[in-house]
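Student: Supplied in structure tokens, the structure appears directly below.
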Amino acid sequence: MLRSDAASRDPFRTLATKPKTKDSKKKAPPPIHEGEYGRYQIKSGLLTGKFVARAFPKPPSKARGLIAEASGATEEAAITALREVIDARESQMVENRRTDPGTGKVVASTEEYIEALNHVALTRPQSAMLKALSLADADGLTEARTANGAGYKSTLSANRSLAKAGQLIAAYLSLKTIADGPSTDLEGSTLLGFRGEPQDDKDPGNWILHPEFRDAVRAAL
């Protein structure tokens with residue numbers, strides 16, 4: 001075999017000497033801009049020839065699903081339209097809330113509670129306590145069973161943890177945790193549930209989750 005023939009059959013030599021064309025250069029994708037609006041993260045940019053803005057749960061949320069989307073003639077117009085969609089969504093959520101007749105506290109919808117549970121960072125004992133209470137349905141659990149089942153050393157620790165979970169969810173949903181008038185429960189607890197009928201003067205009553213929150217816990221935790 002001639003030396004020139006071997007060189008002509010060398011694929012590496014052929015690739016190395018092959019001239020590059022303009023078509024081989026990949027075009028850089030259009031930039032995606034990020035921002036915030038309320039409790040949501042906004043991502044906007046040019047997508048398939050049109051300007052699109054999308055809302056997602058703000059990190060460090062566990063959820064990564066799309067919340068809302070809008071488009072416009074410009075990127076600014078798309079963001080403005082998205083904000084209007086979010087505002088309308090928030091207004092609808094407020095309309096879907098109710099007031100608990102026993103406590104006077106606002107109770108969110110199941111959908112709102114699910115979104116909050118997917119966002120806030122609950123501890124393992126808090127999650128265990130809420131799961132146990134959700135399985136107890138409308139009967140609820142005594143303070144002792146609530147504490148013991150989740151590994152708390154005292155009912156006071158469990159009550160404080162339940163209140164803290166309520167505060168986290170209230171902060172995410174922009175809900176007030178204290179209604180007008182005195183309250184015998186720790187702040188935040190009554191956003192999630194209420195006390196059942198006491199058996200005697202020493203019994204504070206079982207912890208019972210609101211039906212909406214009960215369903216949310218079953219769906220999200």
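The values are calculated or read from the model by the stated rules, or taken from the named source; none is laboratory data. Worth saying up front: this structure is predicted, and the values here are computed from it rather than measured. We place every Cβ from the backbone using ideal geometry, glycine too, and count neighbours over all the protein chains shown. For accessibility, only protein heavy atoms count, side chains too; no ligands or nucleic acids. Shrake-Rupley method; radii C 1.70, N 1.55, O 1.52, S 1.80 Å.
Student: With r as the distance between the Cβ atoms of A28 and N96 and R0 = 35 Å, compute the FRET efficiency 1/(1 + (r/R0)^6) and round to 0.05.
Tutor: Calculated transfer efficiency: 0.20.
Student: Evaluate 2.2 N^0.38 Å with N set to the residue count of the stretch 94-171, then give the Cα radius of gyration divided by it.
Tutor: The value comes to 1.14.
Student: Once amide H atoms are built 1.01 Å from N in the peptide plane, which residues 5 or more positions from G205, or in another chain, come under 5 Å H to H?
Tutor: Residues meeting the amide H criterion: Q199.
Student: Then there's this: Hey, could you get me the Stokes-Einstein D for the stretch 69-221, Kirkwood radius over alpha-carbon pairs, 37 °C and 0.692 mPa s, rounded to whole µm² s⁻¹?
Tutor: The estimated diffusion coefficient comes to 199 µm²/s.
Student: Expressed as a whole percentage, what fraction of the accessible surface of the stretch 44-127 belongs to carbon and sulfur atoms when a 1.4 Å probe is rolled over the protein heavy atoms?
Tutor: The nonpolar share, carbon plus sulfur, comes to 55 percent.
Student: Over the stretch 39-78, what lengths in whole Å, largest first, do the semi-axes of the equivalent ellipsoid take, defined as the square roots of 5 times the eigenvalues of the alpha-carbon gyration tensor?
Tutor: The answer is 21, 9, 7 Å, longest axis first.
Student: Which of the peptides 27-33, 129-135, 91-97 is most tightly packed, and how do the rest follow, judged by the mean count of other Cβ atoms within 10 Å per residue?
Tutor: Listed from highest to lowest mean packing, they are 129-135, 91-97, 27-33.
Student: Tell me, what are the semi-axes, in whole angstrom and largest first, of the equivalent ellipsoid of the stretch 49-120 as set by the roots of 5 times the Cα gyration tensor eigenvalues?
Tutor: 30, 15, 7
Student: Can I ask one more? By how many nm would the segment from D139 to T155 lengthen if fully extended, with 0.36 nm per residue of separation less the alpha-carbon distance?
Tutor: 3.9 nm
Student: Enter the accessible area per residue of the stretch 109-221 (Å², integer; probe 1.4 Å; all protein chains in place).
Tutor: Value for the stretch 109-221: 52 Å² per residue.
Student: Any idea how far apart K176 and A77 come out in nm if each label point goes 7 Å out from Cα toward Cβ?
Tutor: According to this spin-label approximation, the distance is 4.1 nm.
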